[in-house]
Amino acid sequence: MSSDPLRVTITRSGGVAGVRRVWSVEVRSLSAEQSAELRRLVAAAEEPRAAAGGAPPNSSRPSPGVPDAFSYTMEVERRTGHRRTVTGPVTDTAAPIEAVRRLLDFLRTYGTPKAVG
Amino acid sequence: MSYRPAQPAQCIIPPYLLEALVRNGTAEQRDWALRTLSLDASLRMARVLSGPARPPVAPGRLTAQPRPQPQRTIFDAQGNETLPGREVRAEGGSPSADVAVNEAYDGLGDTFGCYRDAFGRDSIDDAGMPLRATVHFGQAWDNAQWNGEAMVFGDGDGTLFGSFTASIDVIGHELTHGVTQYEAGLAYLDQSGALNESISDCFGSLVKQFALGQTAAQADWLIGADLVLPGFHGSALRSMSAPGTAYDDPVLGKDPQPATMRDYVSTAQDNGGVHINSGIPNRAFCLVATALGGHSWEQAGTIWYDALRDARVGPNTRFAGFAQATLRAAQHAYGDAASATVRSAWTDVGVL
């Protein structure tokens, strides 16, 4: 079983602007209630089909995306080391992946936007 | 006043204008228009029979047809994410008090008009497809998107980006994704995806230039210059003439677009860097348009449009394959000099 997250980061790419945006939250900056909510959201977003953008996970080659849809990459840092979960494109206007969207909303509310390196 | 083009074989005056001259012009104008219509029909038939563009060409192109008209409907999502939203303006309806509604309506019309008048295309599918757009999608949604059926515009985050209806080139960009969908069907991944993006930037810029009546030398060759806010450190989302120079922002970083194949970016993000590596073919198009001179849609645009419709250009076409298609189109439509110009541009960016 994986340990509790220390830091959660979501990177968004794509969109017509084609720019990357990064939002991150440190668990230590959250209240106990917020931390519990974050753990629940991360667990939901890491569920295999959600993490694969609704597609079967572990495909050898990514599928073509939808023009100018956003793509999201979620990174969860834990005490036991780093774990990276890659999401596929999220078509905001057609089939949003609710678990990823809720986590992103949480990060936008309680986290901070970070500069793109 | 003379209505004779310098090179009749390259006349881009659309048939409906020639027909209007036949009906309403002076005797001299009527004679010229009739001769040009006859020549134009012959040329179009010759292109259908021997040219690289993919058939079919609508039969109506060769005869007098009513001028195609856009059928626009604008909806308002009112900050929600349910499509299409409430209908707020239909074709021919009065302007709205909402700027975004009018910008979307006008942008759809400008794009329709550019494709119709410059390339003889009747809407996205070349079969009169109605144009629908939803504005005020979501909360602070900083995007615009063609979802396969309609346009969707967000209001931007209010800090870096304003309403995505503000940039006519972005509207043209998105609708061109629809045109590509109906023509080459370029897969939105890696090089074919970057080519798909570039096609949208090229024709998005053409839509803006066409609406403003600009020549290639007058154009700014920027994408999204009208939607960035003062908080954005840069001039636009992308620069077609100088990829990689559009912005250098403390939040967004530096514009990552390469200008040549030497700096091609291999990445898993952004569907294989479709918005990054599009800078390479973007620059090739800009070089061709500025070298050929005049209005970009007249020669450069026609070459790129014909290449997009080339039967040998398909979902997995890469930069080099598309470059070859533009060479064929240039040679066919304009001859050796134009073809050499196109080859020079693709060589400059390292594709050929």
Can you give me the number of residues within the stretch B:105-143 that are within 14 Å of another protein chain (Cβ to nearest Cβ) and modelled with pLDDT of 95 or more?
7
Matching residues, the stretch B:211-224, being within 12 Å of chain A (Cβ to nearest Cβ) and of a type in the set (A, V, I, L, M, F, W, C):
B:I223
Among residues of the stretch A:74-84, those that are open to solvent by 10 Å² or more (accessible area, probe 1.4 Å), within 17 Å of A:V22 (Cβ to Cβ) and either at pLDDT 80 or above or in contact with a helix residue (DSSP H, G or I) (Cβ under 9 Å, 6 or more places away or on another chain) (or both), counted:
2
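Can you pull out the residues in the stretch B:72-131 that are in a loop (DSSP other than H, G, I, E, B) and either hydroxyl-bearing (S, T, Y) or within 25 Å of B:S296 (Cβ to Cβ) (or both)?
Scanning the stretch B:72-131 gives B:T82, B:S94, B:S96, B:G120, B:R121, B:D122, B:S123, B:I124, B:D125, B:D126, B:M129.
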Given the residues B:G172, B:G156, B:G193, B:G231, which is the only one that is farther than 23 Å from B:D122 by Cα, more than 9 Å from chain A (Cβ to nearest Cβ) and open to solvent by less than 10 Å² (accessible area, probe 1.4 Å)?
B:G156
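Could you tell me how many of the residues in the stretch B:253-272 are more than 11 Å from chain A (Cβ to nearest Cβ) and open to solvent by less than 10 Å² (accessible area, probe 1.4 Å)?
Within the stretch B:253-272, the subset more than 11 Å from chain A (Cβ to nearest Cβ) is B:258-266.
Within this subset, residues satisfying the condition of being open to solvent by less than 10 Å² (accessible area, probe 1.4 Å) are B:258.
Count: 1.
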Select, from B:A184, B:A140, B:A219, the only residue that is aliphatic (A, V, I, L, M), surrounded by fewer than 24 Cβ atoms within 10 Å (Cβ to Cβ) and closer than 28 Å to B:D310 by Cα.
B:A219
Which listed residue, of B:W297, B:W304, is aromatic (F, W, Y) and open to solvent by less than 10 Å² (accessible area, probe 1.4 Å):
B:W304
Output the residues belonging to the stretch B:234-252 that are of a type in the set (A, V, I, L, M) and more than 12 Å from chain A (Cβ to nearest Cβ).
B:M240, B:A242
Restricted to the stretch B:159-169, and to residues that are part of a loop (DSSP other than H, G, I, E, B) and at the interface with another protein chain (Cβ under 10 Å from one of its Cβ atoms), which residue is surrounded by the most Cβ atoms within 10 Å (Cβ to Cβ)?
B:F164
Single residue of B:H275, B:H332 found to be surrounded by 18 or more Cβ atoms within 10 Å (Cβ to Cβ) and within 14 Å of chain A (Cβ to nearest Cβ)
B:H275
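The values are calculated or read from the model by the stated rules, or taken from the named source; none is laboratory data. Just so we're clear, the structure is a prediction, and the values are computed from it rather than from any experiment. Cβ sites come from the backbone with ideal geometry, for glycine too, and all protein chains shown count toward neighbours. Heavy atoms of the whole protein, side chains included, go into the accessibility calculation; ligands, DNA and RNA do not. Shrake-Rupley method; radii C 1.70, N 1.55, O 1.52, S 1.80 Å.
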